[in-house]
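Participant: Structure in structure tokens, see below.
The values are calculated or read from the model by the stated rules, or taken from the named source; none is laboratory data. Everything numeric in this text was worked out from a predicted model, so none of it was measured. Cβ sites come from the backbone with ideal geometry, for glycine too, and all protein chains shown count toward neighbours. For accessibility, only protein heavy atoms count, side chains too; no ligands or nucleic acids. Shrake-Rupley method; radii C 1.70, N 1.55, O 1.52, S 1.80 Å.
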Amino acid sequence: MNYRTRLIHAGRDRDPYTGASSIPIYQTSTFAQADPEHLGHYDYARSDNPTREALEEAIAALEGGARGLAFASGMAAISSVFLLFRPGDHLVVGEAVYGGTYRVLQGLFHQWQLDVSFVDTRDPDAVRRAIRPSTRALFVETPANPLLQITDLRAMAALAAEHGLLSIVDNTFMSPYLQRPIECGFDIVVHSATKFLGGHSDLIAGLVVARTAEVGRRLKTIQNSFGGILGPQDSWLTLRGIKTLGVRMDAQQESADAIARWLREQPAVRRVYYPGLPDHPGREVHFGQASGASAVVSFELADGPAAVAFLKAVHLPLVGVSLGGVETILSYPATMSHASVPRAERQARGISDGLVRLSVGLEDAEDLIADLRDAFG
Ligand SMILES: Cc1ncc(COP(=O)(O)O)c(C=O)c1O
């Protein structure tokens, strides 16, 4: 089946109990038991809920894994994966991972003696050098935020396999429509489904997919024990979002590509970061592991004041945190996603005060370009 067909029919494409075309929102905490000595598959909704299960089956099928699990947020999903490890275990993690991932590792998990080395995962030798006898996992994100640096998924999966590490990837920026890391050898895929999968900026959700049933079972035990589950209403919204992921992504990506090329011609723009541009570093690796460049474009203006003036002058884009919605969102890493990174370190990592990040939505590209042109003044 072609992928856009799979997006409609993955997992349960109708309610097995009623035939309803839309999986009902099973808004319940508990289930009546016919036999108190032998409980049925559904007993208590933290453990299993049919709406959440439909979403979990859909994302497992779409990523090509054995098991999917849905959590209350991307961070609940990522943190639940880290609960696989024990005090004294060491993880090698990409230095450009999402700020929340960095914070939970440096703050909470550090308290539980989980040891982490942050490295530039674009460089397989740097990753190899960071691996110790106590290393248990490798965690990467590609393209990474906000400069859209590319990590080679197959090289990372091979390194992890060679050293007996679990390989984990945050696939939020791409979604399984464009990139399926399990096919490149990864063990675990995590998502902030808040972004492209949900797609409408109307929910917070997280997903995990395990390649094997065994890792899936361990994660299911963590989900049920720790309890960071996604509720039925948001599971339903995520399922609904997934059905249009393909058409949304195709349209948003086409506009992002046009806008990235237009931005390159603008005198106010110093540099454009977008994996679809012919000279984007890592472009070849990216298109060897993904079928598109997605819809996030970052670009650099002269300095902080120029960026702030631009952010204040736009009308169509929503200025704020997040990405992957039907509406265009313009973010300012210096005060938003990377505010917790000290300025000097931000600068050293190439995140200048003039950098802005555009998540291109479903508006007409011409209208967006006209608005950006006006905002440049
Ligand atoms: C790449 C990435 N991973 C994880 C997260 C965290 O997800 P959530 O906000 O749904 O907890 C985000 C949120 O911005 C993200 O961009």
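Participant: Any idea which of 140, 116 is in a strand (DSSP E or B) and within 30 Å of residue 250 (Cα to Cα)? Walk me through how you get there before you give the answer.
Facilitator: Numbers: 116 fails: within 30 Å of residue 250 (Cα to Cα).
When all the criteria are applied, what remains is 140.
Here's the yes/no breakdown for (1) touching a Leu at 6+ places or on another chain (Cβ under 6 Å); (2) among the charged types (D, E, K, R); (3) open to solvent by 10 Å² or more (accessible area, probe 1.4 Å); (4) closer than 20 Å to residue 142 by Cα:
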| residue | (1), (2), (3), (4) |
| --- | --- |
| 265 | no, yes, yes, no |
| 285 | no, no, yes, yes |
| 302 | no, no, yes, no |
| 321 | no, no, yes, yes |
| 326 | yes, no, yes, no |
| 337 | no, no, yes, yes |
| 351 | no, no, no, yes |
| 370 | no, no, yes, no |
| 373 | no, yes, yes, no |
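Residue-by-condition table, conditions (1) of a type in the set (Phe, Trp, Tyr); (2) away from the ligand (no atom under 16 Å from the Cβ); (3) assigned to a helix (DSSP H, G or I); (4) within 23 Å of residue 228 (Cα to Cα):
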position	(1), (2), (3), (4)
58	no, yes, yes, yes
70	no, no, no, yes
85	yes, yes, no, yes
100	no, no, yes, yes
105	no, no, yes, yes
110	no, yes, yes, yes
127	no, yes, yes, no
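Participant: A further question follows. Please verify whether segment 361-374 includes one or more residues that are touching a Pro at 6+ places or on another chain (Cβ under 9 Å) and part of a strand (DSSP E or B).
Facilitator: No, that holds for no residue.
Participant: Let me ask you something else. Are there any pairs, at least 6 apart or on different chains, whose C-beta atoms fall under 7 Å, with the first in segment 171-197 and away from the ligand (no atom under 12 Å from the Cβ) and acidic (Asp, Glu) and the second open to solvent by 10 Å² or more (accessible area, probe 1.4 Å) and not in a helix (DSSP H, G or I), and if so, which?
Facilitator: 183/64; 187/166; 187/211
Participant: Now for a separate question. Take the residues in segment 135-155 that are out of contact with any helix residue (DSSP H, G or I) (no Cβ under 6 Å at 6 or more places or on another chain) and more than 16 Å from the ligand (Cβ to nearest atom); name whichever of them is most open to solvent (accessible area, probe 1.4 Å). Before you say what the answer is, go through the steps one by one.
Facilitator: The initial filter retains those residues of segment 135-155 that are out of contact with any helix residue (DSSP H, G or I) (no Cβ under 6 Å at 6 or more places or on another chain), namely 135-137, 139, 141-149, 151.
Those still in the list that are more than 16 Å from the ligand (Cβ to nearest atom) too: 135-137.
On the way: 135: 5, 136: 97, 137: 2 Å².
Of everything passing the filter in segment 135-155, 136 is most open to solvent (accessible area, probe 1.4 Å).
Participant: When residues of segment 223-241 are filtered for being part of a helix (DSSP H, G or I) and within 27 Å of residue 322 (Cα to Cα), how many remain?
Facilitator: Going residue by residue through segment 223-241, those that are part of a helix (DSSP H, G or I) are 223-226, 232-241.
With within 27 Å of residue 322 (Cα to Cα) added as a condition, the list becomes 223, 226, 232-241.
Residues meeting the conditions: 12.
Participant: Picking from 75, 1, which residue would you name as being within 16 Å of the ligand (Cβ to nearest atom), open to solvent by 40 Å² or more (accessible area, probe 1.4 Å) and among the hydrophobic types (A, V, I, L, M, F, W, C)?
Facilitator: Numbers: 1 fails: within 16 Å of the ligand (Cβ to nearest atom).
Testing whether each residue is within 16 Å of the ligand (Cβ to nearest atom), open to solvent by 40 Å² or more (accessible area, probe 1.4 Å) and among the hydrophobic types (A, V, I, L, M, F, W, C) leaves just 75.
Participant: Looking only at segment 211-221, decide whether some residue is outside any helix (DSSP H, G or I) and open to solvent by less than 20 Å² (accessible area, probe 1.4 Å).
Facilitator: Our first condition is that a residue be outside any helix (DSSP H, G or I); within segment 211-221, this holds for 211-212.
The next check asks that each one be open to solvent by less than 20 Å² (accessible area, probe 1.4 Å); those that pass are none.
Taking every residue of segment 211-221 in turn, none turns out to be outside any helix (DSSP H, G or I) and open to solvent by less than 20 Å² (accessible area, probe 1.4 Å).
Participant: Could you grab me the full set of residues in segment 196-210 that are of a type in the set (D, E, K, R) and either assigned to a helix (DSSP H, G or I) or out of contact with any helix residue (DSSP H, G or I) (no Cβ under 8 Å at 6 or more places or on another chain) (or both)? Walk me through how you get there before you give the answer.
Facilitator: Taking segment 196-210 as the starting set, the residues that turn out to be of a type in the set (D, E, K, R) are 202.
Those that are of a type in the set (D, E, K, R) and either assigned to a helix (DSSP H, G or I) or out of contact with any helix residue (DSSP H, G or I) (no Cβ under 8 Å at 6 or more places or on another chain) (or both): none in segment 196-210.
Participant: Which of the numbered conditions does residue 49 fail, given that it passes all the others? Conditions: (1) among the polar types (S, T, N, Q); (2) under 24 Å from the mean Cα position of the chain (by Cα); (3) open to solvent by 10 Å² or more (accessible area, probe 1.4 Å).
Facilitator: Going through (1) among the polar types (S, T, N, Q); (2) under 24 Å from the mean Cα position of the chain (by Cα); (3) open to solvent by 10 Å² or more (accessible area, probe 1.4 Å) one by one, residue 49 breaks only (3).
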